[in-house]
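These notes concern the structure reproduced below.
The values are calculated or read from the model by the stated rules, or taken from the named source; none is laboratory data. Predicted model only: the values in this text are computed from it and were never measured. Quick reminder, even Gly has a Cβ in these numbers, built from the backbone with ideal geometry, and neighbours come from all protein chains shown. Keep in mind that these areas ignore ligands, DNA and RNA; they rest on the heavy atoms of the full protein, side chains included. Shrake-Rupley method; radii C 1.70, N 1.55, O 1.52, S 1.80 Å.
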Amino acid sequence: MPSRIGSPLTAVLLVVLASCATLPAGGAAGRPTVTPYRVVAGDTLKAHLFTPPVTDTTVRAAVILLHGGGWSSGSPEWVYAAAQEFARAGVVAIALEYRLSDSTHTPIDALEDVCAGIIWARAHADSLGFARDRVAGYGVSAGGHLAAATVTVGCPFAALNRGFDALALLSPALDVERDAHFARLLRGRATGAALSPIAQATTGMPPTIIVQGDRDTLTPLAGAQRFCLNITMTRGRCELRVYSELGHLLTRNLAEQESQFDPDPVARADGLARQIEFLRSVWP
């Protein structure tokens with residue numbers, strides 16, 4: 001579908017910079033290598049690389065991990081634990097920094113950064129040891145919105161960047177059309193509907209797995225159900241794993257889900273294991 005963001009010059013510069021960048025050797029599963037992937041408007045954005053501990057000739061996949069935080073807070077360190085698990089499972093894991101919403105930036109800028117990160121990752125696929133058509137997006141809450149938006153809203157000049165090849169989402173913000181918080185962050189640059197993955201869902205969606213608590217009050221289960229239904233109705237593959245009596249990010253604290261998280265460790269571990277298993281089934 002036509003892209004709604006970006007400029008021709010931006011797209012060309014991203015491709016050139018990605019092709020010319022020098023990539024340091026990746027870190028082991030427990031310790032990342034941090035390297036710049038984009039410089040934009042004076043901001044240097046970094047990718048945190050976790051590479052599998054065993055080197056072999058297997059054609060691997062990669063996963064780009066996007067933290068949550070309501071588009072206005074958070075950092076790549078928030079998804080380090082998941083990145084380490086992906087790397088241990090033989091997947092190249094990249095925890096990505098993106099611009100946070102403030103008086104200058106909006107979620108549109110964050111989406112542009114994620115799209116740039118996908119281009120950068122594919123440009124370095126050979127050196128990192130994965131196939132260019134096996135780049136999954138792992139998104140948590142607002143990060144889930146950004147991951148899904150790459151294939152629904154679309155990246156700048158989608159003919160050059162189709163977005164992620166698979167999605168693994170945790171409590172994703174998929175329905176932001178009437179989200180007042182999201183609308184404020186956009187600062188009039190777009191409508192919530194234009195940036196809402198559910199509203200912009202189309203045919204040809206990538207394989208998707210969503211992990212969700214049934215008592216989530218921040219990104220309700222209904223949004224994940226509708227998103228999955230949209231995919232399956234067009235003969236796509238979507239797997240929804242619902243955990244009962246748990247809230248946002250699988251928290252056990254149902255009274256205060258926005259800031260006082262108490263994630264159920266068994267459910268979180270199981271959810272991540274299911275997502276890793278799902279990607280293995282997509283790319284055996």
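Taking every DSSP bridge with both residues inside the chain, close to 30 percent are antiparallel. Peptides 108-116, 137-145 ranked from most to least packed, by the mean per-residue count of other Cβ atoms within 10 Å: 137-145, 108-116. Directionally averaged projected area (region 174-284, Cα convex hull): 7.8 nm². Annotation: amide H of Tyr37 within the under-5 Å range of Leu45, Lys46, Ala47, sequence separation 5 or more or interchain, hydrogens built in the peptide plane. One chain, two ends: Ser73 and Asn253. Fully extended at 0.36 nm per residue, the span grows by 62.7 nm beyond their Cα-Cα distance. For region 77-211, the Cα gyration tensor yields ellipsoid semi-axes of 24, 16, 15 Å (square root of five times each eigenvalue, largest first, whole Å). Under the simplified labelling scheme, the Leu160-Asp270 pair shows an inter-label distance of 4.5 nm, with each label point 7 Å from Cα along Cα→Cβ. All other residues whose Cβ lies under 9 angstrom from that of Val211 are scored, Lys and Arg at +1 and Asp and Glu at -1, for a net of +2. Between Glu177 and Ala193, the contour length at 0.36 nm per residue exceeds the Cα-Cα span by 5.3 nm. Rolling a 1.4 angstrom probe over the protein heavy atoms with all chains in place gives the chain an accessible area of 43 Å² per residue. Amide H contacts of Ala168 (H built 1.01 Å from N, in plane; Pro and chain starts excluded): Gly137, Tyr138, Gly139, Ile209 sit under 5 Å, all sequence-distant by 5 or more or on other chains. With the highest mean first, a sort of the peptides 244-253, 167-176, 148-157 on other beta-carbon atoms found within 10 angstrom per residue produces 167-176, 148-157, 244-253.
Around the Cα centre of region 202-282, unit charges on the Cβ atoms of Lys, Arg, Asp and Glu (plus for the first two, minus for the last two) sum to a dipole of about 460 debye.
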